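The values are calculated or read from the model by the stated rules, or taken from the named source; none is laboratory data. Computed from a predicted structure; not experimentally measured. Ideal geometry is used to build each Cβ from the backbone, glycine not excepted, and the neighbour counts take in all protein chains shown.
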């Protein structure tokens, strides 16, 4: 079971804000062992959102979107995702009631109710300490782009995403990548399910030239691959973790 | 003329590194006025890279990739992009010679020459103070994922990317987004080429509740939209920039 994320908004691609939601989601997914296959930053353009959503659907069972769910002209996420899912856009009575409550005695502006719109068949996930529940349609979750709100809502989504924490071991080497490539090839071929990463340093202060990462949900698989690599790369190994 | 970026590598999606290249590229493109339509973080998987590359091609004339160009088993970018472009993978003699020179008297490992591989028809763009020129194939640029090297190579690519710096004006408002949505609708409809962004604050220390951004390459268009918004939103305006 895998997840893709769509971070929607011109402000990210034009450097008006420093992107925070994608980075936060990556960290939280990692902590929970949720498999993230891709993250996409796209503009506030209906056609582009639809195309990317459909592309993600091929790889990921769950999709999280960030941004474009407010009441202004540049908030097009609900419209785009509804079209991609071939659903009508409907007004959710529960959200409309929340918006009325938010305004109190004063009647809300007509445009406020844009925030009650959703793809037909959507549900609301209660979300602890905010007035806004998470908008979910099947396994697609439409979160707001405002970072503080995104974070709160993401915590309400996490229990619905299957995850198994991965085990990670690392080897730090004094070697060129090309010197160890044949060994990595052999171990990676023998243990295709174990994720083996090789990361050279360059222009950094570091005690090593290459870091190897060995990961899998099964600790025994990780230990086996780790031991094989350590044995084969013996003289290059500076330290391990 | 637009650009998309593909940031390739499991290490980003699994939070093993804090992503730096996408963020750097966004800032530099902004400074140069290069239009970036999307940024995609994908895994070291040939099929996923091919699919995303082809999807980007529909929207963007230029594509920058980051990562996956080293000599180890998890470096699959050249293979994936070659297949997406329907080109053979070839060994570039100039790169092979550079690799030999790098090793000096000692003969390079066979795996070193993987870094001389490229899609057929590629060219090398000289790159000031590094030993590695930029690998370019038509309007696709394959940059390394190591941040220090990515940055140096990006500077060598920028002169090939068309850009026109945009003019930005901003209005800071004390208003709910729903109160101003109708005004934004009207101005955005009247001036569809001007990019008008609306960004609420939430849980932040700020003197305003909404920031409006008005952007275009033509300063007169920006001023006209800015003046219209300021006049219509008069009492909400706290400050401008």
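Can we say residue B:90 is surrounded by fewer than 19 Cβ atoms within 10 Å (Cβ to Cβ) and in a strand (DSSP E or B)?
yes
Within the bounds of the range B:141-162, is there any residue that is part of a loop (DSSP other than H, G, I, E, B) and surrounded by fewer than 18 Cβ atoms within 10 Å (Cβ to Cβ)?
Yes, some residue in the range B:141-162 is part of a loop (DSSP other than H, G, I, E, B) and surrounded by fewer than 18 Cβ atoms within 10 Å (Cβ to Cβ).
Can you tell me which residue is surrounded by the fewest Cβ atoms within 10 Å (Cβ to Cβ) among those in the range A:13-30 that are at the interface with another protein chain (Cβ under 7 Å from one of its Cβ atoms) and in a helix (DSSP H, G or I)?
My answer is A:27.
Which of the following residues is without any contact (Cβ under 8 Å) to a residue 24 or more places away in the chain and more than 30 Å from residue A:69 (Cα to Cα): B:159, B:192?
It is B:159.
Residues in the range B:173-186: is at least one out of contact with any strand residue (DSSP E or B) (no Cβ under 8 Å at 6 or more places or on another chain) and within 28 Å of residue B:58 (Cα to Cα)?
So far as the range B:173-186 goes, no, none of its residues is out of contact with any strand residue (DSSP E or B) (no Cβ under 8 Å at 6 or more places or on another chain) and within 28 Å of residue B:58 (Cα to Cα).
Name the residue, out of B:176, B:131, B:191, that is assigned by TED's automatic domain parsing to the domain that holds residue B:7 and either surrounded by fewer than 20 Cβ atoms within 10 Å (Cβ to Cβ) or at pLDDT below 95 (or both).
Among B:176, B:131, B:191, only B:131 is assigned by TED's automatic domain parsing to the domain that holds residue B:7 and either surrounded by fewer than 20 Cβ atoms within 10 Å (Cβ to Cβ) or at pLDDT below 95 (or both).
Please specify each residue of the range A:31-48 satisfying the condition of being under 21 Å from residue A:155 (Cα atoms) and part of a helix (DSSP H, G or I).
Those that are under 21 Å from residue A:155 (Cα atoms) and part of a helix (DSSP H, G or I): A:31, A:32.
If I filter the range B:115-136 for residues that are touching a residue at least 40 places away in the same chain (Cβ under 8 Å) and assigned to a helix (DSSP H, G or I), do I get at least one hit?
yes
If you check residue A:203 against the conditions, is it over 30 Å from residue B:205 (Cβ atoms) and loosely packed, with under 14 Cβ neighbours inside 10 Å?
Spelling it out, residue A:203 is indeed over 30 Å from residue B:205 (Cβ atoms) and loosely packed, with under 14 Cβ neighbours inside 10 Å.
Yes/no matrix, rows are residues, columns are (1) outside the structural domain of residue A:20 (by TED's automatic domain parsing); (2) in a helix (DSSP H, G or I); (3) modelled with pLDDT of 95 or more:
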position: A:71; (1), (2), (3): no, no, no
position: A:79; (1), (2), (3): no, yes, yes
position: A:82; (1), (2), (3): no, yes, yes
position: A:95; (1), (2), (3): no, yes, no
position: A:98; (1), (2), (3): no, yes, no
position: A:102; (1), (2), (3): no, yes, no
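Working only within the range A:34-53, note down all residues that are touching a helix residue (DSSP H, G or I) at 6+ places or on another chain (Cβ under 6 Å) and at the interface with another protein chain (Cβ under 7 Å from one of its Cβ atoms).
A:36, A:39, A:40, A:41, A:42, A:43
Residue-wise test of (1) under 23 Å from the mean Cα position of the chain (by Cα); (2) more than 10 Å from chain B (Cβ to nearest Cβ).
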position	(1), (2)
A:8	yes, yes
A:32	yes, yes
A:73	no, no
A:79	yes, yes
A:95	no, yes
